[in-house]
Amino acid sequence: MEDLKPLIELQDNDIEIRKIEKRLNEEIPLLLKEIQEGEERAELMVKQVEEKIEKNLKERRDIDLEIKSILETMGKHRAQLNTVKTNEAYKALIEEIEDDEEKKSSMEDRIIELMIEEEELQKEKKSNKEEFSKIREEFSKKKKLVLKEQKGLETRKRKLLEEREKLKEKIKPELLRLYVQIANKRNGIALSPVHDGFCSVCQIRIRPQVLEELKKGEKIIRCENCSRILYINEEKET
């Protein structure tokens with residue numbers, strides 16, 4: 001059992017390193033991505049409203065130009081009323097003027113609609129900007145906490161790697177090779193404590209004879225089912 005103590009510590013060390021690496025390489029990048037995407041979504045809401053406002057203003061400018069063109073055309077038609085010599089020509093000009101008046105009136109109605117729409121869009125823009133400001137502040141706090149955790153985990157990982165090298169020096173080379181061989185095949189778990197006569201990992205009952213040999217602690221005993229190195233957790237058994 002004494003020979004296995006540094007090996008047990010090594011496995012505990014390696015398990016924690018793997019957990020840290022998973023957090024650093026998978027979970028934290030995902031959290032940072034979610035924070036960034038959340039900010040981008042909130043910012044996009046503001047930009048989309050700004051684009052709608054710009055589109056609204058452009059349409060109003062275009063309509064203003066069209067109204068100006070119609071007014072010029074109407075002015076020309078009115079001037080021509082004094083020069084036409086037939087009733088048919090006079091009637092045709094009157095109809096064109098009336099058509100232009102109708103177009104102008106429709107366009108002016110549309111301008112009023114756009115002005116009302118812009119007023120609502122400006123309110124929406126203000127609301128979205130306030131919301132974006134809150135979200136950005138909230139996400140900024142979250143990001144700081146995540147980056148702080150990341151820094152702490154990196155420090156912890158460096159310490160564990162240093163401890164790992166020291167632990168390896170305490171373990172016999174052949175036992176270390178066996179540990180690495182089993183760990184590579186068994187998802188990083190090479191040792192399994194025995195609880196109540198069972199392998200705690202694969203839950204197979206240990207034969208009484210094997211259990212007795214294990215208690216003597218004279219040699220390395222491996223689980224007959226999962227091939228992991230067995231040991232008795234003295235504190236828990238007590």
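A few notes on this one:
- If the condition is being of a type in the set (Val, Ile, Thr) and farther than 20 Å from Phe139 by Cβ, then the stretch 13-35 contributes Ile15, Ile17, Ile20.
- Candidates are the residues of the stretch 221-238 that are over 18 Å from Asn13 (Cβ atoms) and in contact with a Leu (Cβ under 7 Å, 6 or more places away or on another chain); the one that is surrounded by the most Cβ atoms within 10 Å (Cβ to Cβ) is Leu230.
- Close pairs (6 angstrom Cβ cut-off, 6 or more residues apart or separate chains): within 14 Å of Glu154 (Cβ to Cβ) in the stretch 11-26, charged (D, E, K, R) anywhere: Ile20/Lys157
- Among residues of the stretch 130-160 being acidic (Asp, Glu) and without any contact (Cβ under 8 Å) to a residue 40 or more places away in the chain, the one that is surrounded by the most Cβ atoms within 10 Å (Cβ to Cβ) is Glu138.
- Long-range neighbours under 8 Å by Cβ, at least six apart or interchain, first residue more than 18 Å from Ser106 (Cα to Cα) and without any contact (Cβ under 8 Å) to a residue 40 or more places away in the chain within the stretch 63-92, second of a type in the set (D, E, K, R) and part of a helix (DSSP H, G or I): His77/Glu96; His77/Asp100
- Residue in the stretch 27-48 that is free of Cβ contacts under 8 Å to residues at least 60 places away in the same chain, closer than 30 Å to Ser192 by Cα and over 11 Å from the mean Cα position of the chain (by Cα) present: no
- Number of the exception - Arg228 against (1) at pLDDT below 95; (2) touching a Lys or Arg at 6+ places or on another chain (Cβ under 9 Å); (3) of a type in the set (D, E, K, R): (1)
- Residue within the stretch 55-67 that is closer than 30 Å to Glu137 by Cα, of a type in the set (Asp, Glu), at pLDDT 95 or above and not assigned by TED's automatic domain parsing to the domain that holds Asn184 present: no
- Being surrounded by 13 or more Cβ atoms within 10 Å (Cβ to Cβ) and either in the same structural domain as Leu114 (by TED's automatic domain parsing) or within 24 Å of the chain's Cα centre (by Cα) (or both) is a property that Leu4 lacks.
- Of all the listed residues (Lys125, Lys141), the sole one being in a helix (DSSP H, G or I), of a type outside the set (A, V, I, L, M), farther than 23 Å from Glu26 by Cα and assigned by TED's automatic domain parsing to the domain that holds Glu50 is Lys125.
- Picking from residues in the stretch 161-193 that are surrounded by 14 or more Cβ atoms within 10 Å (Cβ to Cβ) and of a type in the set (Lys, Arg), the one that is nearest to Asp3 (Cα to Cα) is Lys168.
- Subset of the stretch 195-220 that is more than 46 Å from the chain's Cα centre (by Cα) and assigned to a loop (DSSP other than H, G, I, E, B) - its residue that is nearest to Gln11 (Cα to Cα): Ile220
- Candidates Ser105, Ser192 - the one that is in a helix (DSSP H, G or I) and hydroxyl-bearing (Ser, Thr, Tyr): Ser105
The values are calculated or read from the model by the stated rules, or taken from the named source; none is laboratory data. Quick caveat, the model's predicted, so the values are computed rather than measured. Glycine gets a Cβ as well: all are built from the backbone with ideal geometry, and neighbour counts include every protein chain shown.
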